[in-house]
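Notes for the one structure printed next.
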Amino acid sequence: MDPMKIQKTILLAVVILFSTVVKSQKLAIIPQPTEVKAGVGNFEITAKTGLKFDAGNKDLKRIAGFLSDHLKQYYKLDLKQTQSANDMIQLKLAPSEGLGKEGYKLNVNKNGILITASTPNGLYYGIQTLKQLLPVDSAASAAASAPVKVPYVEIKDQPRFSWRGMHLDCGRHFFPVSCIKKTLDEMVLYKLNTFHWHLTEDQGWRLEIRKYPKLTEIGSWRDETILDSKTNKYDGIGYGGFYTQDQVKEIVKYAADRFITIVPEIEMPGHSSAALTAYPELGCTGGPYQVAQKWGIFNDVFCAGNEQTFTFLEGVIDEVCELFPSQYIHIGGDECPKVAWKKCPLCQQRIKDEGLKDENELQSYFIRHMEKYLISKGRKLIGWEEILEGGLAPEATVMAWKRNTPAGSIAAKQNHDVIRCPATHCYLNYYQVKDIANEPPGYPGLLSLEKVYSFEPIPDDLKKEDAHFIKGAQACIWSEFISTTKNLEYSIFPRLCAMAEVVWSPVEKKDFNGFKERLGTDFQRLKMYKINYCDHPY
Ligand SMILES: [Zn+2]
């Protein structure tokens, strides 16, 4: 071999070696962890690798089971429990040096994989990260018991915000139990912890309430649905569905097992056509009402002057509190037109009796009444930002959603907790690309992946010392135009990945180009998990 050729061969070998090292260091973790130190080399999980954890702890047993199932399903590796100090994956509860209740440490070295956290929740998030360190390309085609390479790494990680949420509207369209469970699984992949379940709407009441059976017998069903608001065309097909209390219990447990809190939303006083159709005596005019067949805001709202309204809603809240252990109960409070209240003698009498200034203060009276009831049951009220109208209830948490309005900072300046979800950055029901010719149906308007990624939950005009009132943020999905699990996933992904990074990762670690690169690997994982996503613009 001539010297030039030898030189070229050496150069080529160096390049190959270098690129292999770089490849093993290229981690694609979403959301980006607080601290990552990549090492050189890989630990190999094989059929001989053991799983080490305290089997006497039922939480650890459950989450070790999740990891073990994952390795079995995607890598055909059936790990046995071990007590050995090497060749193992260990889940260990230990003080986590300021990493909080959701933080964890993950170390991969020649001895194995060690995940440490001060709580099972932290260990569970460590497992989510570990899943993202496993190879994706070889997974589906892996031969039984083939070794699985995990790059050496040291990770220290904890979330930036405590409320990392996703909201789903099940009123406009009803999503079956299997879809809700899959959605919860999807949230877990990105360490989201709050599922805001929108259960009642003008177009359908979706939650069984035993004391008021007509809510679902009548209120869960609409005779037809609008196809096109311009031509006023309807489909002529009845549509409905609801969750039984047994199904709700099953879903709440499924979520809790995965460290997700479900915050149920029961809309009041507006968006209540379905409830009023079932119980017309609770409206200002007495009806008749109709479960809405088109989208929008409706003038039929709960009567705030009628004592029966509060008796009814307290009865509903009683059952909601039995079903949902969540500290927060969402009462809606948004988009409540005051048209009916202005004409209603009972509502006007209430305004007089209570010395209220106007219908906005009547709305505030309504919300305060419900807050008092929730507090008496040891719960906290959360509502959309319209609960600011006429004065905020004393302990209410505000969900700030409107475009270009500073409700988030207004509420925080009044020392109220705030969850941010401005439609401009967080409503995943908008189209995600400009050219919508081949897109599944969405909300008119554009919300790109980059815009979601650019969202900053702490408003600019908020003083540093008030920033702690911002508890977090969430993605919202309104389902007027989304009716199938497939289209739901399409609107969620990959924008939910961007939202996860907004609420989890340190702000100084945010980098859209780096995120997009990691997303390439993530798309392979979504494929592996059989989750639909929108990939063409990225
Ligand atoms: Zn009234």
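Descriptive notes on the structure:
- Residues being farther than 15 Å from GLY171 by Cα and in contact with a strand residue (DSSP E or B) (Cβ under 8 Å, 6 or more places away or on another chain) - total across the range 232-244: 4
- Only residues that are under 27 Å from TRP478 (Cα atoms) and either buried (at least 23 other Cβ atoms within 10 Å of the Cβ) or not assigned by TED's automatic domain parsing to the domain that holds ILE387 (or both) were counted across the range 342-363, and they come to 1.
- Within the range 331-352, residues that are in contact (Cβ under 8 Å) with a residue 40 or more places away in the chain reach partners that are more than 8 Å from the ligand (Cβ to nearest atom) and of a type in the set (Gly, Ala, Ser) with beta carbons closer than 6 Å, at six or more positions or on different chains, in the pairs ILE331/GLY383; GLY333/GLY383; GLU335/GLY270; CYS336/GLY270.
- Complete set of residues in the range 144-174 that are of a type in the set (Asp, Glu) and open to solvent by less than 30 Å² (accessible area, probe 1.4 Å): ASP157, ASP169
- Hits in the range 252-277 - residues which are among the aliphatic types (A, V, I, L, M), closer than 28 Å to LEU184 by Cα and in contact with a strand residue (DSSP E or B) (Cβ under 7 Å, 6 or more places away or on another chain): VAL252, ALA255, ILE260, ILE262, VAL263, ILE266, MET268, ALA274, ALA275
- Positions within the range 424-443 being out of contact with any strand residue (DSSP E or B) (no Cβ under 8 Å at 6 or more places or on another chain) and at pLDDT below 95, in sequence order: ASP435, ILE436, ALA437, ASN438, PRO440, PRO441
- For the range 500-538, the set of residues classified as under 20 Å from the mean Cα position of the chain (by Cα) and of a type in the set (Gly, Ala, Ser) consists of ALA500, SER505, listed by residue number.
- Taking the range 262-356 as the region of interest, the helices (runs of 4 or more DSSP H) fully inside it that hold 3 or more residues being out of contact with any helix residue (DSSP H, G or I) (no Cβ under 7 Å at 6 or more places or on another chain) and over 17 Å from GLY204 (Cβ atoms) are 307-323, 339-343, 345-353.
- Positions within the range 289-329 being open to solvent by 10 Å² or more (accessible area, probe 1.4 Å) and within 16 Å of the ligand (Cβ to nearest atom), in sequence order: TYR289, PHE298, ASN299, ASP300, GLY305, ASN306, GLU307, GLN308, THR311
- Residue match in the range 268-278 (condition: polar (S, T, N, Q), open to solvent by less than 10 Å² (accessible area, probe 1.4 Å) and away from the ligand (no atom under 16 Å from the Cβ)): no
- Qualifying residue in the range 454-469 (condition: of a type in the set (Val, Ile, Thr) and either surrounded by fewer than 17 Cβ atoms within 10 Å (Cβ to Cβ) or not in a loop (DSSP other than H, G, I, E, B) (or both)): no
The values are calculated or read from the model by the stated rules, or taken from the named source; none is laboratory data. What you are looking at is a predicted structure, and each value in this text was computed from that prediction instead of being measured. We place every Cβ from the backbone using ideal geometry, glycine too, and count neighbours over all the protein chains shown. What goes into the accessible areas is simple: the full protein's heavy atoms, side chains included, and nothing from ligands, DNA or RNA. Shrake-Rupley method; radii C 1.70, N 1.55, O 1.52, S 1.80 Å.
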